[in-house]
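Asker: This is the structure I have questions about; it appears just below.
Every number here is computed from the coordinates shown, using simple stated rules; none is lab data. Remember, it's a predicted structure, so these values are computed and weren't measured experimentally. Ideal geometry is used to build each Cβ from the backbone, glycine not excepted, and the neighbour counts take in all protein chains shown.
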Amino acid sequence: MIFFKSLPATASLFLLLVIDPPPISAKLLPLAIQKIHHGAVHRTHNLARDLRLAFGGALASRAVSAKASNGVVYCKPRKQGVLGGGHSGGGGNTTSSVGTSRGTATRTKTTTIASPTTTSSPSSPWKVAASFSGSNFFDGWDFFTGSDPTQGIVNYVDENTARSSGLLEINSAGNAVMRVETTPTVSANRMSVRIATQYQYTGGLLVMDSVHMPTGCGIWPAFWSDGPNWPAGGEIDIIEGVNDYTNNQATIHTNVGCTIASTSSATLAISGSVIGGTNCAALTTGNQGCGIRSSSATSYGPGFNTNNGGIYAMKWDSTGIAIYFFPRTSIPADITAGAPLPDTWGAAQARWPAASCDPFTFFNNHQAIFDTTLCGDWAAAVWSSSGIPGQEQSCAQRTGVATCEAFVRANGASMAQAYWEIKNLTIYQLKN
């Protein structure tokens with residue numbers, strides 16, 4: 001079974017042998033789980049429609065959908081609520097215009113921009129455009145403080161609140177840490193952090209080094225890339241999963257016209273497996289998108305953390321969009337040297353070729369985003385489900401608690417692993 005993610009109601013990488021696993025039959029998906037998923041689809045699809053009407057299209061659409069053979073797709077909205085509290089970076093000022101159904105909002109912003117340096121050797125076609133690391137990691141980010149678009153039981157807080165509450169820090173290793181509140185018992189929501197880069201990009205190479213990601217029952221983290229006017233600007237989900245899952249799922253969500261031409265891992269030159277449909281258009285497929293699940297149990301969650309993490313990279317160029325994962329002990333030397341050579345990396349974990357989805361037609365003006373929500377449309381919906389890699393026993397069985405929300409509110413200590421620890425994020429652009 002494979003679960004996707006999709007935008008909720010309000011808005012809507014390591015060399016591996018190329019394998020070509022057979023598609024998973026719907027017969028292997030327990031009937032009870034199918035019923036849960038189809039129920040979630042029906043409720044959230046209608047709610048997303050109502051909210052889009054109510055907000056005049058100003059909010060990005062998000063909903064939950066089921067694929068008969070492989071489960072639920074989840075997406076996230078890009079901008080909603082209040083964004084603010086980010087430091088002013090020292091790299092340069094840029095002004096961007098973000099169009100919405102209510103007009104175009106223009107803002108002047110300062111972000112951490114890096115000029116090309118000697119770390120990008122002549123052999124690499126990529127140069128550093130923006131970087132985030134060390135004591136200045138949080139310079140150049142917006143902090144989202146609106147209601148969680150995925151219906152999670154979190155309150156996203158501003159930077160000052162996150163710091164004073166112990167949710168945000170640069171630790172002794174020089175890594176950026178973003179936590180979820182671990183107060184023993186809460187009556188409603190737990191505080192959490194969601195940030196988006198002020199730097200925007202159309203095309204590029206994102207390289208993110210993490211030693212830990214949030215994991216555990218009730219926990220739903222994501223590292224993703226998103227554009228304006230969802231789904232017109234496109235969405236690229238780089239890291240995502242829920243509960244005790246161990247295999248990452250990468251997904252794209254687009255406007256009408258983008259497809260994935262094959263479900264064959266060999267044809268796509270990927271190590272993962274296509275687990276949903278081939279139509280990536282969000283609004284005509286119930287926000288399902290085109291999902292690909294990793295074959296590696298160290299690509300997400302507990303396996304990733306035990307292995308001291310690794311590097312995820314997302315390449316977006318004229319050939320299409322591709323996601324790569326390199327475990328800690330297998331990071332290519334060119335990445336370590338700051339002179340990435342993606343063409344030498346071998347099979348991607350996931351790939352969406354340009355031949356059937358033009359990456360500069362269906363994706364534009366993106367921001368990189370980290371967030372951690374709790375329960376919500378995905379983690380809560382599969383609370384009593386098992387059979388996903390890593391989730392051989394359901395969270396309901398493992399915790400003895402009937403619902404995700406009841407468990408999360410009463411068990412702050414169980415949120416101890418709900419944190420991101422990031423060494424760095426570098427965004428490259430092609431030199432030419």
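Asker: What does the extension gain come out to for ALA333 and GLU169, with contour length at 0.36 nm per residue minus their alpha carbon separation?
Answerer: 56.2 nm
Asker: Follow-up. Counting other beta carbons within 10 Å of each residue's own, what order do THR372, THR150 fall into, fewest first? Could the numbers behind the result be given before it?
Answerer: Numbers: THR372 25, THR150 31.
Arranged by neighbour count, lowest to highest, THR372, THR150 become THR372, THR150.
Asker: Relative to the present Cα-Cα distance, how much length would full extension add between GLU392 and GLN417 at 0.36 nm per residue of separation?
Answerer: Extending this stretch completely gives an extra 7.1 nm.
Asker: Quick check on the exposure proxy: order CYS258, CYS290 from fewest to most C-beta atoms within 10 angstrom.
Answerer: CYS258, CYS290
Asker: Using a Förster radius of 30 Å, what is the FRET efficiency between ALA261 and SER123 based on their Cβ-Cβ separation? Nearest 0.05, please.
Answerer: Numbers: r = 31 Å, r/R0 = 1.04.
Efficiency, rounded to the nearest 0.05: 0.45.
Asker: Between PHE360 and ASN136, what's the calculated FRET efficiency when r is the beta-carbon distance and R0 is 35 Å? Round to 0.05.
Answerer: 0.70
Asker: Sticking with this structure for a sec: Report the extension gain between ALA269 and SER147 in nm, rounded to one decimal, defined as 0.36 nm multiplied by the number of residues separating them, less their alpha carbon distance.
Answerer: 40.0 nm
Asker: Please tell me the relative contact order of segment 311-432 in percent, rounded to the nearest whole number, where contacts are Cα pairs under 8 Å and at least six residues apart. Can you show the working numbers first?
Answerer: Values: 99 pairs, mean separation 21.0, N = 122.
About 17 percent, as a whole number.
Asker: Please order ASP358, ASP334, ASP371 by the number of other Cβ within 10 Å, starting at the fewest.
Answerer: ASP358, ASP334, ASP371
Asker: Related question: Specify the inter-centroid distance of segment 250-270 and segment 271-294, based on alpha-carbon positions, in whole Å.
Answerer: Spelled out, the Cα-based centre of one part sits 7 Å from the other.
Asker: Turning to a different aspect of this structure: So what J values fall out for segment 303-313 if you push phi through Karplus, 6.51 cos²θ - 1.76 cosθ + 1.60 with θ = phi - 60°, rounded to Hz, Gly and Pro as x?
Answerer: Coupling constants for segment 303-313: x, 4, 5, 4, 8, 6, x, x, 10, 9, 10 Hz.
Asker: Same structure again: Taking just the alpha-carbon atoms of segment 197-325, what radius of gyration and Dmax come out, in angstrom?
Answerer: Spelled out, the Cα radius of gyration and Dmax of segment 197-325 are 14.5, 40 Å.
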